[in-house]
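Take a look at the structure below.
The values are calculated or read from the model by the stated rules, or taken from the named source; none is laboratory data. Since we're looking at a predicted model, the values are computed, not measured. We place every Cβ from the backbone using ideal geometry, glycine too, and count neighbours over all the protein chains shown.
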Amino acid sequence: MVILSAAIKAIPTDIVEAARIDGVTALQLFWRVPLPMIWPTVAVVLITISVQTLKVFDIVRTVTGGQFSTSVIANEMYNQAFRYGELGQGSALAVFLFVLVVPLVLIQIRSTRRTREAL
């Protein structure tokens, strides 16, 4: 929220005022002015949250030990490989987690490169 708030506050008021003078509605103003200007920030935040959500292991393991239906992919990978001795299933879950995370990281890298080139 802090990052998104900073991105919104960085939008020049001149652009918003010019859009209002041109007679755009509130919905048009949102879709045509602030959202495109903060989109790189929104993309980075969404991708970072997605990756962290997929990789959350330490919190679940420490707080509940995976009990009470709190198992996540990373916790299930650990359980299969080390608790139940099913190394194949644990490895398959690790590869699945990798396949989910890598495209998100590549999108974030591409977005960061575009932002740097634009500056």
Worksheet item: In the range 1-24, what residues are of a type in the set (Val, Ile, Thr) and exposed (fewer than 10 other Cβ atoms within 10 Å of the Cβ)?
Response: 2, 13, 21
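Looking at 82, 57, which is the one that is exposed (fewer than 15 other Cβ atoms within 10 Å of the Cβ) and either free of Cβ contacts under 8 Å to residues at least 60 places away in the same chain or more than 27 Å from residue 107 (Cβ to Cβ) (or both)?
Only one candidate qualifies: 82.
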Worksheet entry | Scope the range 85-119; condition farther than 29 Å from residue 44 by Cα and either of a type in the set (Ser, Thr, Tyr) or surrounded by 14 or more Cβ atoms within 10 Å (Cβ to Cβ) (or both); matching residues | 86, 89, 90
Discussion item. Please pick out the residue among 61, 20 that is assigned to a helix (DSSP H, G or I) and modelled with pLDDT under 85.
Written reply: 61
